[in-house]
Amino acid sequence: MRYSMQIQTNQKQRELKDHGTFAFPVNVSHENLFSYERSSFFWHWHPEIELTLIVSGDINYQVNDKTYHLTTGEGLFCNANMPHTGHMYNKEDCVYISTTFDPRIIYGFESSRIQTAYVTPLTLDDRFSSIKFSSDVAWQAEILANLTKIWEISSSKAPCWDFQIQILLSRIWLILYQNTEPQTETLPAVQRDRERLLVLLSYLHDHYQEKILLEQVAAQINICKSECCRFFKSHMNESLFDYLLHYRIQKSLPLLQNTNKSITDISLLTGFSSPCYFSKIFKSEMGCTPREYRKNALKTPSPEAEPE
């Protein structure tokens, strides 16, 4: 059993990792799924755009309710503020390049012509929460080639590397815009649904330690319980309470690894009604009991990872 890193987030599941700097808001990183706990990264979101290029292996990558099986040479566009998660496929590792960037690297300054005409219409159009790239489609193949160039330039840090990356990202954005035809205005219902989903996720993340009733969750967006369940599952492709259980287990892992708290205390701190129920769900999720997990975690040195 391997014990490794996981994406660090705040209570609302916004990722805490710096995606570049204010002066150059771009981060290009070489990743592999085996470096993550359970060979997957948990649900999270961030205001930056994320472009993924698969170097080797396969991954099941989910953005909201859409799940993609990505293979070597394929890629994915994940829009701003979209909850996403990734899992290994067929128990094998996946190596990929992640390029995240603040859209201002393209449009320059607020209310610029580039922002209002070409960037905002795409970032606010939920028809394009995510887009899969395949080399079989000419314009997508061009994007994949540019992502490869971005990685090569970022790795080499050759003269003008940052300027070259900005140009390539702008080229990618132009290709996306020309081939997606985003709405000039966001449909009110679509924008409302995006905001509702983030409200629900924020409520679950803020109150996971407590007993949560469905009517409490539904009240956050003023809908009935049945509609709340339907809405959540339609956008996240799993039930609200399955998601909550996964989140609670996720929150229990650092407590098991890094504290001396008892299993009973940890079960209560993460919102489970009893240590027995906690152990049952934990074993179903992790393939071992909380006690076994802690024992093995103490035996396994934590890998060094860049701070998130």
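The values are calculated or read from the model by the stated rules, or taken from the named source; none is laboratory data. Remember, predicted model here, so these are calculated numbers, not experimental data. No Cβ is skipped: glycine too gets one built from the backbone with ideal geometry, and neighbour counts run over all protein chains shown. Ligands, DNA and RNA are stripped out before the accessible areas are found, and what is left, the full protein with its side chains, is counted by its heavy atoms. Shrake-Rupley method; radii C 1.70, N 1.55, O 1.52, S 1.80 Å.
Given ALA145, ILE105, GLY57, which one lies farthest toward the positive end of the charge dipole of segment 11-155, if we put +1 on the Cβ of every Lys and Arg and -1 on the Cβ of every Asp and Glu?
ILE105
Note the full-extension length gain between LYS157 and ALA138 as 0.36 nm times their separation in residues minus their Cα-Cα distance, in nm to one decimal.
4.0 nm
Carbon and sulfur together cover what percent of the accessible area of the chain at a 1.4 Å probe radius?
About 52 percent, which is the carbon plus sulfur part of the accessible surface.
Just list whichever of LYS149/LYS233; LYS66/LYS295; LYS233/LYS283; LYS91/LYS157 have alpha carbons separated by over 31 Å in the model shown.
In this structure, LYS149/LYS233; LYS66/LYS295; LYS91/LYS157 lie more than 31 Å apart at Cα.
Name the shape class, rounded, prolate or oblate, that the alpha-carbon gyration tensor gives for segment 209-266, where a ≥ b ≥ c are the square roots of its eigenvalues, rounded holds for a/c under 1.5, and otherwise prolate holds if a/b is larger than b/c and oblate otherwise.
Taking the square roots of the gyration eigenvalues as a ≥ b ≥ c, segment 209-266 is prolate.
Principal axis extents for segment 16-84, Cα atoms only, whole Å, descending order, please.
Its Cα atoms span 34, 25, 24 Å along the three principal axes.
Need one number: convex hull volume per residue for segment 169-290, Cα atoms only, in Å³.
Value for segment 169-290: 160 Å³ per residue.
If you compute volume of the Cα convex hull per residue in Å³ for the structure shown, which of (1) 139; (2) 188; (3) 164 do you land on?
Here volume of the Cα convex hull per residue in Å³ agrees with entry (1).
Using only alpha-carbon positions, what ratio does the radius of gyration of segment 11-152 give when scaled by 2.2 N^0.38 Å?
Cα-based Rg divided by the globular estimate yields 1.03.
Run down the aspartates and glutamates and flag those whose C-alpha is under 16 Å from the C-alpha of LYS211, throwing out any fewer than 8 positions away in its chain.
The qualifying aspartates and glutamates are ASP242, ASP265.
Can you compute the charge dipole magnitude of segment 147-274 about its Cα centre, using +1 on each Lys and Arg Cβ and -1 on each Asp and Glu Cβ, nothing else charged? Give it in debye, rounded to the nearest 20.
Its charge dipole is roughly 180 debye.
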